[in-house]
Each structure stands twice: as C-alpha cells, then as structure tokens.
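These notes concern the structure reproduced below.
The values are calculated or read from the model by the stated rules, or taken from the named source; none is laboratory data. Since the structure is predicted, the reported quantities are computational estimates derived from the model, not experimental observations. So basically every Cβ, Gly included, is an ideal-geometry build from the backbone, and we count neighbours across all protein chains shown.
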Amino acid sequence: MTKADLIDEVSRLAELTRKDSEVIVETIFDSVVRSLRAGDKIEIRGFGSFRTRQRKPRVGRNPKTGERVEVPAKKIPFFKPSKELKDLVNDGTTTPAATPAPPTTSAPPTA
C-alpha cells in the first residue's frame with residue numbers, strides 16, 4: 001500500500017474529500033517524524049510503537065573500491081509491532097490443510 005492508497009482508503013471509509021484525507025494522513029506522518037526527531041517514543045495501542053535507536057560510529061568499506069570509509073554515529077527509526085497486530089497478521093496464515101478436520105462419526109443407520 002502506498003501513501004496515495006492510504007489517502008484514498010481514508011477518504012472512502014471516512015467519507016471525506018481526498019484533499020481532507022490527504023491533510024489528515026500528512027499531519028499524522030509529520031507528527032510522528034517530529035516526535036522521533038525530538039527523541040520521543042510514539043505508542044499506538046493495538047498497532048505498535050515507534051522510537052529511535054542510536055547506531056555507533058564504525059568503519060565501513062566502499063564496495064566498489066574497497067576503500068575504508070568512516071561511517072558516523074546516527075539515529076535510526078525503529079518500529080515494534082504490538083502483540084495484537086502480530087496476532088491479526090498471523091490469523092490469516094493458517095491454511096485449511098494445516099488445520100485438522102473435525103472427526104466424523106458415521107454411525108450405522110438405525111431402522
């Protein structure tokens with residue numbers, strides 16, 4: 001799903017104009033980015049949490065030349081899904097073949 005698809009979905013479900021839906025989606029994303037830049041943790045119950053992790057400086061290599069390159073320390077965004085989201089995603093992965101069929105009892109007909 002792309003951002004445009006998400007905007008269309010919000011527009012359709014909330015019965016809003018596409019422009020209003022775009023403002024809503026952009027505002028949410030901007031708020032998440034601003035909070036992460038400030039070092040805050042964002043927790044959305046039932047969905048997951050966003051936070052930043054600090055990466056240490058390291059020495060890397062340019063894959064083309066093999067030259068050593070200093071990679072500075074940096075913050076990276078990190079998303080941890082909630083248990084509810086994991087369960088919702090995994091509910092659809094069971095296949096009929098993996099699920100045992102209920103036992104059938106065939107009793108002889110009574111006359």
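Data for the structure
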read-out	value
Condition check for S106: exposed (fewer than 10 other Cβ atoms within 10 Å of the Cβ), out of contact with any Ser or Thr (no Cβ under 8 Å at 6 or more places or on another chain) and either at pLDDT 95 or above or of a type in the set (S, T, Y) (or both)	yes
Residue that is nearest to L36 (Cα to Cα) [pool: residues in segment 63-103 that are at pLDDT below 55 and of a type in the set (A, V, I, L, M)]	A98
Matching residues in segment 15-48 - criterion: being surrounded by 13 or more Cβ atoms within 10 Å (Cβ to Cβ) and among the polar types (S, T, N, Q)	S21, S35
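For every residue, the table says whether it meets (1) in contact (Cβ under 8 Å) with a residue 12 or more places away in the chain; (2) touching a Lys or Arg at 6+ places or on another chain (Cβ under 8 Å).
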site: D30; (1), (2): no, no
site: I42; (1), (2): no, yes
site: G46; (1), (2): yes, no
site: K64; (1), (2): no, no
site: R68; (1), (2): no, yes
